[in-house]
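Q: Just passing along the structure, written as structure tokens.
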Amino acid sequence: MSDQKDLAIFTNARPRLLGLAYRILGSFSEAEDAVQDIYLKWQGADTSLIHNPSSWLTMVCTRRCIDLLQTAHKTRVNYVGTWLPEPIHTFTHETPEDQALLASSLTTAFLLLLERLTPKERAAYLLYEIFDFTYAEISHILHIQENACRKLVSRARPHLDQSNIRHDTPPDRQKRLLAAFRMAIENGTTDRLEVLLSEDITLCADSDGKVIAVKKVLHGKEKILKFISQTLNPAWGDFHQISSEINGNQGLIFYQNDQIIASVSFAFNNNGEATNIYIMRNPEKLCLLRKTGHRIR
């Protein structure tokens with residue numbers, strides 16, 4: 001292949017590789033590093049001998065991410081407080097069906113469920129359920145027997161499918177929640193927000209001890225509404241807020257003096273009630289929200 005053709009092949013594959021790497025790692029910056037490593041290997045390979053470039057790139061990406069994930073698990077032992085996936089500003093211009101699939105597999109809630117899986121379970125599940133690879137193809141990618149791939153996916157499913165987290169929350173419902181949440185932050189009024197929350201809702205924040213944030217996970221509607229009206233309203237009431245697509249769903253970004261100080265995203269149940277509020281305060285993880293939307297698959 002010519003260098004120009006090789007570059008075109010990789011460029012076309014890059015959004016899918018980024019999407020796979022981000023879902024496996026839960027960190028977009030690490031995913032970008034992994035994809036850059038893959039590009040260097042692609043440049044150094046004799047591509048004339050690679051009959052299926054898409055499969056080859058996916059194999060190298062998956063194996064690299066599994067290695068990185070095993071290292072990441074060791075470093076997260078020393079993480080201060082709640083760990084959340086790195087939020088990304090996304091934009092989706094696919095068909096309604098494709099957009100729903102993209103959103104459901106990028107949400108913070110789904111990425112957190114993936115954290116319950118082993119690296120190989122996570123990779124096998126994503127390749128089979130999200131990226132439509134066959135068990136035979138996954139066997140080649142993970143370098144294990146096809147029957148072992150089936151077992152990996154089978155073990156992963158109870159953690160993910162039974163949680164019923166991958167559903168499409170109507171945009172109008174999301175916008176109602178954002179409007180009510182913004183009002184609660186601005187003036188401490190939580191009446192409109194209260195009816196949109198589930199009784200067993202939880203709230204957590206990721207700061208890694210770098211900035212002030214709630215340290216413990218808060219449980220229950222009453223406790224969370226009190227926290228919003230009595231803590232977030234006085235602290236954040238004057239901050240500039242903008243709505244933005246974060247991880248495939250509508251969320252909020254908060255600014256102080258033109259600096260991003262927090263992002264907020266949500267998870268919903270089938271009734272459209274918010275079941276989780278995720279607050280990102282870690283400055284190192286907020287950097288990506290300064291950039292434009294990320295095209296990933």
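We did not get these values from a lab; they are worked out from the coordinates using the rules stated. Here the structure is a predicted model, which means the values were calculated and not measured. Every residue, glycine among them, receives a Cβ derived from its backbone with ideal geometry; neighbour counts consider all protein chains shown.
Q: I'd like the per residue volume of the convex hull spanned by the Cα atoms of the chain, given in cubic angstrom. Show your work: numbers first, answer last.
A: Values: hull volume 39.9 nm³, N = 297.
Considering the Cα atoms of the chain, their hull volume per residue is 134 Å³.
Q: Determine the shape class of the stretch 171-290: with a ≥ b ≥ c the square roots of the Cα gyration tensor eigenvalues, call it rounded for a/c under 1.5, and otherwise prolate if a/b is greater than b/c, oblate otherwise. Let's see the in-between values first.
A: Details: a/c = 1.41, a/b = 1.30, b/c = 1.09.
Cα axes put the stretch 171-290 in the rounded bin.
Q: OK, next. Along the charge dipole of the stretch 124-222, Cβ charges K/R +1 and D/E -1, which of Ile144, Val217, His159 sits furthest on the positive end?
A: Farthest towards the positive pole: Val217.
Q: Does the stretch 3-160 classify as rounded, prolate or oblate by the C-alpha gyration tensor (a ≥ b ≥ c root eigenvalues; a/c under 1.5 gives rounded; else a/b over b/c gives prolate, otherwise oblate)?
A: Values: a/c = 1.39, a/b = 1.29, b/c = 1.08.
Since a/c stays below 1.5, the shape of the stretch 3-160 is classed as rounded.
Q: Under a plain spin-label model, where a point goes 7 Å from the Cα along Cα-to-Cβ, how far apart in nm are His240 and Arg173?
A: 3.3
Q: For the chain, set up a Gaussian network in which alpha carbons nearer than 10 Å are linked by springs, and say which option among Thr108, Thr11, Thr202 fluctuates the most.
A: Thr11
Q: Also, I was wondering about something else. What number does the stretch 40-86 give for Rg over Rh if you use C-alpha atoms and the Kirkwood radius? Numbers along the way, then the final one.
A: On the way: Rg = 15.8 Å, Rh = 13.1 Å.
Reported Rg/Rh (Cα atoms, Kirkwood Rh): 1.21.
Q: With r defined as the distance between the Cβ atoms of Ser54 and Glu146 and R0 fixed at 25 Å, what FRET efficiency is calculated, to the nearest 0.05?
A: Values: r = 19 Å, r/R0 = 0.77.
Calculated value: 0.80.
Q: Taking θ = phi - 60°, what integer Hz values does the Karplus form 6.51 cos²θ - 1.76 cosθ + 1.60 yield along the stretch 127-133, in sequence order, with x for Gly and Pro?
A: 4, 7, 7, 9, 9, 6, 7
Q: Here's another thing I want to ask about it. FRET efficiency for Thr134 and Arg63, Cβ-Cβ distance as r, R0 = 25 Å, nearest 0.05? Working shown, then result.
A: On the way: r = 18 Å, r/R0 = 0.72.
Efficiency, rounded to the nearest 0.05: 0.90.
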